[in-house]
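Everything below concerns the one structure shown next.
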Amino acid sequence: MYWSFAQAVLLAGASQLAIARDIIIPKPPQVAAKAYILIDAQTGHVLIEEQADSQLPPASLTKIMTSYIVSEEVARGDLSEQDKVYITDDAWRRGGTSSGGSTMFLKPRTEVEVIDLLRGVIIQSGNDASIALAQHIAGSEGAFADVMNQTATLLGMQNTHFKNATGWPAEGHLTTARDLALLAQATIYDHPDHYGLYAEQSFTYNGIKQDNRNSLLFRDSSVDGLKTGHTEAAGYCLVATADKEGMRLISVVLGTRSKEARAVESQKLLSYGFRYYSTHTAIKGQQPLLDERIWQGLNKQVSLGVIDDITLTIPRGASDKLEMVTTVDDTIKAPVAVGQPLGTLAITYDGETLYQGSLVALYDVEQSGFFARLWDSLMLFINGLLS
């Protein structure tokens with residue numbers, strides 16, 4: 001069965017439909033980076049990509065994973081934001097002022113709360129804070145790297161391998177633009193309480209104020225994360241995310257030529273995505289799409305639909321051009337349980353399938369009594385539907 005979304009108003013929950021018109025989308029912008037990707041954070045739909053699976057050094061983008069693991073530990077109750085972390089001489093020496101890298105300016109042999117160190121990692125990109133947290137959680141930075149790699153596997157980061165908690169250059173310490181987009185997505189949605197730290201524009205510790213290195217936070221009010229990175233081998237990198245009108249995008253650019261370039265190239269991607277695409281709830285969960293005959297049940301009909309909202313990334317203005325294609329089982333017999341697949345649903349746009357899944361029962365239907373079932377069996381036999 002075919003339905004246009006202009007005919008099935010309930011799918012979009014709208015009382016008025018846009019006038020059909022041609023959808024014009026220009027070619028994606030040219031991006032001066034070794035690799036890049038732009039995705040819809042909610043749906044995971046890839047809007048633009050180039051060399052997104054090329055393994056490259058991530059520099060301090062590594063610290064997104066370091067922070068994610070800290071948030072995981074807090075969420076599990078194995079760590080508290082107020083726990084005191086001892087700053088070892090090693091963390092100070094390899095990550096402090098004399099290291100030549102970004103630092104939180106921690107003092108050795110002191111104790112610092114987890115939440116302050118987390119800010120130091122996220123806002124100040126502190127190598128010392130990253131090493132201190134890694135040592136506190138796993139005993140050593142090497143053991144923490146094992147946790148990082150196991151977590152990467154769980155998140156579906158198939159082409160990533162970490163050697164340390166900071167992103168300091170190391171042979172084999174590599175990731176991809178696609179994997180970093182997945183990590184950003186997990187950071188945003190798995191730990192929303194800590195995600196807000198990425199939007200903070202500065203942090204002062206030990207009397208030293210440092211601004212967030214993500215310059216887009218100061219230029220675009222829709223941007224609220226995530227993280228910059230830079231080494232000679234990695235170039236200038238940025239994972240950025242912005243939210244406009246209910247649509248959140250994540251951009252990753254790796255290997256640009258300067259601080260300004262990573263901001264400009266990221267802004268190109270985000271602006272293109274917001275201008276030409278939208279995140280659209282095509283079908284509301286729990287809303288009946290079809291009412292079908294059910295045999296041998298206490299009810300004569302069962303409503304079919306989907307349990308959860310189906311949200312898609314589509315060209316702006318294309319919501320009335322979507323089509324729904326449904327198939328339903330020839331014979332539906334009770335008992336039926338809520339969520340039981342009884343057909344299929346596909347949503348297409350311009351010949352492309354955007355979604356394919358099951359049509360399910362939206363409520364339980366119990367069997368009728370013996371004589372009612374017997375009668376329905378006779379009707380099924382007469383109609384050639386008995387199986």
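The values are calculated or read from the model by the stated rules, or taken from the named source; none is laboratory data. Bear in mind that the values here come from a model prediction, so they are computed numbers and not experimental data. Positions of Cβ are backbone-derived with ideal geometry, glycine not excepted, and every protein chain shown enters the neighbour counts. For accessibility, only protein heavy atoms count, side chains too; no ligands or nucleic acids. Shrake-Rupley method; radii C 1.70, N 1.55, O 1.52, S 1.80 Å.
Once the Cβ-Cβ distance between residue 381 and residue 150 is put in as r, and R0 is 45 Å, what FRET efficiency do you end up with, to the nearest 0.05? Kindly include the intermediate steps, with their values, before the conclusion.
Working: r = 58 Å, r/R0 = 1.28.
About 0.20, to the nearest 0.05.
How much accessible area per residue does the chain have, in Å², with a 1.4 Å probe? Before the final figure, lay out the partial values.
Details: 17830 Å² over 387 residues.
Spelled out: the 1.4 Å probe surface of the chain, per residue, equals 46 Å².
Run a plain Debye calculation on the range 181-242 (Cα atoms as equal point scatterers, no solvent) and give log10 I(q)/I(0) at q = 0.16 Å⁻¹, rounded to two decimals, same order as the q list.
Rounded to two decimals, the profile gives -0.58.
First measure r as the distance between the Cβ atoms of residue 208 and residue 366, then evaluate 1/(1 + (r/R0)^6) with R0 = 45 Å and state the FRET efficiency to the nearest 0.05. Working shown, then result.
Working: r = 69 Å, r/R0 = 1.53.
Step by step, r from the Cβ atoms, then E = 0.05.
Using only C-alpha positions, report the orientation-averaged shadow area of the convex hull of the range 105-168, nm², one decimal.
The number I arrive at for the range 105-168 is 4.7 nm².
Given the pairs 244/268; 107/209; 300/333; 268/321; 84/227; 34/259, which span a C-alpha to C-alpha distance of over 19 angstrom in this model?
Pairs exceeding the cut-off: 268/321; 84/227.
Round to the nearest 10 and give me the degree value, 0 to 90, for the angle of helix 62-76's Cα axis relative to the longest principal axis of the chain.
On a 0 to 90 degree scale, this one is about 60.
Working from Cα positions, state the angle (0 to 90°, nearest 10) between the long axis of helix 141-154 and the longest principal axis of the chain.
20 degrees
What share of all Cα pairs of the range 130-271, in percent, falls into each consecutive 5 Å distance bin?
Answer for the range 130-271: a P(r) of 2, 9, 16, 21, 22, 17, 9, 3, 0 percent.
At R0 = 22 Å, how high is the FRET efficiency between residue 352 and residue 291 if r is their beta carbon distance? Nearest 0.05 is fine. It would help to have the intermediate numbers written out before the result.
Working: r = 29 Å, r/R0 = 1.31.
It comes to 0.15.
Any idea how far apart residue 89 and residue 159 come out in nm if each label point goes 7 Å out from Cα toward Cβ?
My value for the distance between the label points is 4.3 nm.
On the protein heavy atoms, probe 1.4 angstrom, tell me the percent of accessible surface of the range 269-351 carried by carbon and sulfur.
Numbers: 1510 of 3450 Å².
Roughly 44 percent, rounded to a whole number.
Quick check on packing: order 246-259, 169-182 by the mean number of other C-beta atoms within 10 Å, highest mean leading.
Working: 246-259: 22.2, 169-182: 20.5.
With the highest mean Cβ count within 10 Å placed first, the list reads 246-259, 169-182.
Can you report the principal axis dimensions of the range 206-252 using only the alpha carbons, biggest first, rounded to whole angstrom?
Principal-axis extents of the Cα atoms in the range 206-252, largest first: 36, 32, 15 Å.
Report the equivalent ellipsoid semi-axes for the chain in whole Å, largest first, defined as the square roots of five times the eigenvalues of the gyration tensor built from alpha carbon atoms.
Values: eigenvalues 503, 131, 55 Å².
In descending order the semi-axes read 50, 26, 17 Å.
Please state the charge dipole magnitude for the range 267-317, taken about the Cα centre, from unit charges on C-beta atoms (+1 on K and R, -1 on D and E), reported in debye and rounded to the nearest 20. Let's see the in-between values first.
Numbers: 6 positive and 4 negative charges, 59 e Å.
Approximately 280 debye in magnitude.
Work out the charge dipole of the chain with +1 on the Cβ of Lys and Arg and -1 on the Cβ of Asp and Glu about the Cα centre, then indicate which of 67, 278, 381 is farthest towards its positive end.
278
Rounded to the nearest 500, what is the 222 nm mean residue ellipticity of the chain from helices alone, with -39500 (n - 2.57) per DSSP H run of 4+ residues and division by all residues? Walk me through the intermediate numbers first.
Details: 10 runs with 110 residues, N = 387.
Mean residue ellipticity at 222 nm (helix-derived): -8500 deg cm²/dmol.
For the residue pair residue 309 and residue 338, what label-to-label distance in nm results when each label sits 7 Å from Cα along the Cα-to-beta-carbon direction?
1.9 nm
Check which residues have an amide H placed less than 5 Å from residue 297's amide H, if you skip close sequence neighbours.
When sequence neighbours closer than 5 places are left aside, the close amide H contacts are 334, 368.
Rounded to the nearest 20 Debye, what is the dipole magnitude of the range 161-278 about its Cα centre when Lys and Arg each give +1 and Asp and Glu each give -1 at the C-beta? Don't skip to the end; give the middle numbers.
Numbers: 13 positive and 13 negative charges, 62 e Å.
Dipole magnitude for the range 161-278 comes out near 300 debye.
I'd like the carbon and sulfur percentage of the solvent accessible area for the range 36-191, probe radius 1.4 Å, heavy atoms only, ligands and nucleic acids excluded. Can you show the working numbers first?
On the way: 2760 of 5980 Å².
Exposed carbon and sulfur together represent 46 percent of the surface.
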